[in-house]
Every structure is written in C-alpha cells, then in structure tokens.
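One structure below.
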Amino acid sequence: MGLSLCNDPVLMWDRSVRCALACVCSTLLALLLSAPAGHASAPVAWHLSAIGAPEVWPEATGEGVVVAVIDSGVDADHPDLEGAVLPGRSYVDVDTGAEPRLLALGSESGPVYERAFGQADPVGHGTAVAGLIAAGAGSGEPGIAPGASILPIRVLDDENRYHDSAMVGAAVEWAVDNGADIVNLSLGGHYDSAPFSEAIAYAERHDVLVVACTGNQHQDGPDETVWFPARMPDVLAVTGTDQAGDRWLTAVTGDETDLAAPGADLRAPQADGGHKNVTGTSFAAAVVSGAAALVRSAHPDWTAEEVRRALTATARPGGEGLGAGVVDAAAAVDADVDVLPRVEQAPAVSEAWSMAATAAGGGLLGLSALLLRGGLRLRGGKGAQGGPRAAAR
C-alpha cells in the first residue's frame, strides 16, 4: 500500500549517514542558539522552558531527524522554516470538479509542481505544527527541535478535514518509505479504520515513531473518548496542558493517553508570514514530536520504542488525565534507556487481516465513488459526530 513516488536521495539517506552529519551540525547550531546577542535576548517561550528544550540544544537540536507532518501542508516560504521543509506530497485535489480524485500528484516541474507536493498551506494548521517542531534557531520563535527537517504531506482540505482515513494511512506509509523518523498526526476522529491501523503497524515495523493528538471537545459538552488513531497502542497519544501544568479544559483524555505537553496559548508561525497564538492537542502533539526529535538526534542508535520509553518514563508526574505526566525533553535525553521499564507491545496486525481490510477499504472507496457520481459528497460536517478533523482550536 506504500507509495514510493519521490525517491529523493536527500530523503532516502541512510540514517547512519544523517546521524554522522548531525554530530557536526548540532554543535554549530547549538553555538548559534546559545551565543550572546548584542542586545537583550527575547524571553524564551513558556512551552520551551516547560519541557526543558533549551537545556538540550547544546547537545542536540534535532539535526539529522526527519519529522513527517501529515496535515494541511506546510508554508515552506515562512522565514521561520527556511531550509527546513523538504519536498513532500499532497493527497488533496486542488481542483475537485464533478468527481474529486483521491490523489493530486502534479505533473509539471517548477514551483507550482513543488507546492502541489505539500509545501503550501491554505489553512495554516500544518504550518503552526511544523513551526512548533522545527522553527529555526534565529527566528525569534524557535521550535522544540530547531535542527530537524520537516517532511510535509497534505491530507487536510481547505476546511481542515480529511474525508478518507485509508488515504491518511497511505500518507503514513509514504512518509515511512521516504525517510521519516517520526510521524506527527495532529488529526483524528471517532471511528477506527483498518487500513489506517495497518499503516500505523507498518510504521512501527520500520522503526518510525508515530505521535498523535488525543482530540479536543466542547468545554460544556460530554467527555469524548480519545480519538483514533491516538488510542491505538502503537501510537504515542498526547493531551494538552496549560501554563500551570493542568490539563486544558477542552483537551480529550482517557486511559489511552500516554503523555501530556503544553497545548494552550502557544506562539506559532502563521501561513503567509507572521505568528499567531494556537491552542489544542494538535499543538501538544507537535511539542512531543519535537521532543522525540531531540531524543533521536541525541541517541541515533535508539529504536523508536526506546525513544517512546524514554519520553514516557521521564515525564514529570502531573494531575489527573495526563498519562505518564508532562513531557520533559531534557530528562528524556539524559535517560539511561537500558534501565527504563519496557512498553508493552500490541500484537501486530496479521497479513490476512491486512488483506481483508484492504479489500473492505476498496469496496468502501468504490461505494464512495458511486455516491460522488450521484452528486452526494461524503464529508465530515462541522461538529458532526465522528467527522475526521484536525485537533485545533
């Protein structure tokens, strides 16, 4: 099911080569981050201090780590992300017409073609997520891992929704096949998807860590269950906190929650320039993806399971609903993974189940096509129960 379209050698570097370069580049970037300025330094953003990111930068900045942001695209022209955004891919048709295509792959060379592959963001959600992960050291609003690279993959439409979970699963597999070390999923919904589940298992088998948000809910409404895919055992499920370290009022949580991270009033890049304040578990997940990039950069020999174990075992205990606690990047980087408790692994999805799920998914896609031809567009309504969406506020 994985799609290998863009076999860019930059994306397909062997991890050992990337990590060797990381040792040199991380040191240079750390010096830039810590160098005294000729004027008073801007205060460090509260979420950076809350997870101890600046303490890690002299040792690791995320250099050599590729984080796939499967979202609404990423504005590669934003100054904060200059040089950090790799060529990506878009699964959203920019000209739907009467019969929308599932894939928009582009066909001509040049800037327009490049933008069609994820390096543009009409919504702004993916740009904010990417900036929180990897905005540059000199931007004034650095990301958690300012040396990391972003692999942008667009699956959310202009209304910040996706309409086909199998398509998002295909995006996950494409990210794995094209060099991702970490996959950030700041999206989700109420219903499970077998093809999407198999894609998560595919990432786990290929040593790629998947981080996803638990979801948001209405402040005065009933408590929601943790969204899919965050509730899957192989996914690092992240809820959001405020500056006091308490769970944010609208952040979903449950037994499946693994970690918490700052998720309220965060300063992030805005598509087409500038910055904005963002709130939601989408952005808490981005913070954890950034922390994971720091750990993978500092410990290139660690597996995805060991990175996950370091992040959860060293989290600072917090209030109710925060899983293992609030992520502590500095403690995770300093952890001795050999003495940390192991994470119980979920059974892998069998090949037979995968084939059955793929066949079922094909049937559903065929039905969707028939409905589309009949003029009925399948989409998650705004506020509709179970409608797939991004976890933003």
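Quick note: the coordinates plus some simple rules give every number you see, no bench work behind them. Keep in mind that this is a model prediction, so the values were computed, not measured. When we count neighbours, we look across all protein chains shown, and the Cβ atoms used for this are built from the backbone with ideal geometry, even at glycine.
Observations on the model:
- Filter result for P152 (crowded, with 21+ Cβ neighbours inside 10 Å, farther than 17 Å from H125 by Cβ and touching a residue at least 12 places away in the same chain (Cβ under 8 Å)): no
- Taking the criterion of being outside any loop (DSSP other than H, G, I, E, B) and among the acidic types (D, E), the residues of the range 269-312 that qualify are E305, E306.
- Every residue from the range 177-192 that is surrounded by fewer than 23 Cβ atoms within 10 Å (Cβ to Cβ) and either without any contact (Cβ under 8 Å) to a residue 40 or more places away in the chain or more than 28 Å from G321 (Cα to Cα) (or both): D177, D192
- Look at the range 130-141: where a residue is closer than 13 Å to L266 by Cα and a partner is aromatic (F, W, Y), sitting 6+ places away or on another chain with Cβ atoms under 8 Å, you get L132/F283.
- Which listed residue is without any contact (Cβ under 8 Å) to a residue 60 or more places away in the chain, on the phi < 0 side of the Ramachandran plot and within 13 Å of the chain's Cα centre (by Cα), from A230, A212: A230
- Filtered residue count, the range 194-249, keeping only those that are farther than 17 Å from L311 by Cβ, aliphatic (A, V, I, L, M) and not in a loop (DSSP other than H, G, I, E, B): 4
- Of all residues in the range 313-340 being within 20 Å of the chain's Cα centre (by Cα) and assigned to a loop (DSSP other than H, G, I, E, B), the one that is surrounded by the most Cβ atoms within 10 Å (Cβ to Cβ): V327
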